[in-house]
Amino acid sequence: MLSRLHRKTEALDAACLRALGHPNDYSIRDELLSALEWDTSIRPEHAHHMIRDLFEKVHNQCVELSNRLRLEIDNPESPPRRIAEIDSLRERLANLAQVLEARRRASHAG
C-alpha cells in the first residue's frame with residue numbers, strides 16, 4: 001500500500017508541475033483535477049503516524065484545490081489563485097515522499 005501511495009504522490013507532483021508550467025491550458029488543468037482525486041483504497045490507516053498525518057494534510061489540500069479549480073471552471077472571470085496553492089501542495093507532497101522513502105529504506109534494512 002505504501003508503494004501505491006508513493007506512486008500516487010509522484011504522479012500528483014508531476015501533474016502539479018505541468019499545471020504550474022501551463023496555467024492556462026485547460027487539458028492540463030483537467031489532468032490536475034484528475035490527479036487530485038484519490039482512490040479510496042489508498043488509505044494508510046495502519047501506517048506510521050507521521051505518514052498518516054502527512055497523508056491527511058495532502059488529501060485535504062487536494063480536496064480544497066480541486067474545489068477551487070472547479071469554481072474557476074464555473075466562474076471563468078474569477079482570477080486564478082492556484083499557483084501558491086500548488087506550490088504549497090508540492091511541498092507537502094515532497095515531505096510525504098521523503099517520509100515514505102525513509103520508511104521503505106528502514107523496512108528493507110531491517
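For the criterion of being modelled with pLDDT under 90, part of a helix (DSSP H, G or I) and of a type outside the set (D, E, K, R), I73 passes.
For the range 32-65, the set of residues classified as farther than 13 Å from L5 by Cα and among the basic types (K, R) consists of K57 only.
For T40, the conditions (1) in contact with a helix residue (DSSP H, G or I) (Cβ under 9 Å, 6 or more places away or on another chain); (2) surrounded by fewer than 18 Cβ atoms within 10 Å (Cβ to Cβ); (3) assigned to a loop (DSSP other than H, G, I, E, B) all hold with the exception of (1).
Per-residue answers, yes or no, for (1) acidic (D, E); (2) assigned to a loop (DSSP other than H, G, I, E, B); (3) more than 26 Å from V99 (Cβ to Cβ); (4) free of Cβ contacts under 8 Å to residues at least 60 places away in the same chain:
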residue	(1), (2), (3), (4)
R4	no, no, no, yes
T9	no, no, no, no
D13	yes, no, no, no
R18	no, no, no, yes
E45	yes, yes, no, yes
D53	yes, no, no, yes
H59	no, no, no, yes
C62	no, no, no, yes
A84	no, no, no, yes
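The values are calculated or read from the model by the stated rules, or taken from the named source; none is laboratory data. As the structure is a computational prediction, the values presented were derived from the model and not from experiment. Please note: Cβ atoms are built from the backbone with ideal geometry, for glycine as well, and neighbour counts cover all protein chains shown.
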